[in-house]
Amino acid sequence: GALGGLSGADLKCRTLASSAGLENPTSFRAWLSDGTSSPASRFKSIDKAAAPYVLLDGRILAEDFVELVDFGPRTGISLTETGEIVFGEFVWTNTSAFGEVFSATNHCADWTAGAVELKSRIGYNALANEQGPVWDAWAAERQWTSLLNHACSVPRRLYCFEDA
């Protein structure tokens, strides 16, 4: 949970994008909320219709920000910036299904502390099998961004989105 605040998390995303040789690495942001700011308030692409979120393999997560928060991603977020496939990973978010702050108080001290007594909301990135009752629950309950609370002392992944 000690990410250096939202700006530190964004910097981590930008550094990973740059190291992977992705285009526009400085436009990447973490899908992360502290006590007052969230993707719904931080992302510039929130107002852009038909600005799709696409995985590196070309799979479309959502046609735009509105689809992402209204319906969740069409598929799990299973690719890293290097193209590595990962399933069943927990991801720091403190972000509700609607792209807003989940908790005004549980956010690893604004993402600056990794203490075991602090907690924040995590999501679950992807399931290997995208059909059946487990998938249906993952999608319907928006578990990708809001699954459960977890101790800030355990390292977790970040979702990094290009915010053009």
Sorted by chain and number, the residues with a modelled amide H under 5 Å from that of Thr95, at a separation of 5 or more or across chains, are Ser33, Phe102
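What percent does the relative contact order of the chain come to when contacts are Cα pairs within less than 8 Å and at least six residues apart?
Working: 368 pairs, mean separation 48.6, N = 164.
That works out to 30 percent.
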Values of log10 I(q)/I(0), in the order q = 0.13, 0.18, 0.20 Å⁻¹, for the stretch 89-164 under a Debye, Cα-only, solvent-free model: -0.40, -0.72, -0.85
Mind checking the per residue accessible area of the stretch 33-164 for me, 1.4 Å probe, whole number of Å²? 48
Quick one: with all protein chains in place, what share of the accessible area of the chain is carbon or sulfur, to the nearest percent (1.4 Å probe)? 54
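The values are calculated or read from the model by the stated rules, or taken from the named source; none is laboratory data. Note that the structure is predicted; figures quoted are calculated from it, not measured. The area values use the complete protein model at the heavy-atom level, side chains included, leaving out ligands, DNA and RNA. Shrake-Rupley method; radii C 1.70, N 1.55, O 1.52, S 1.80 Å.
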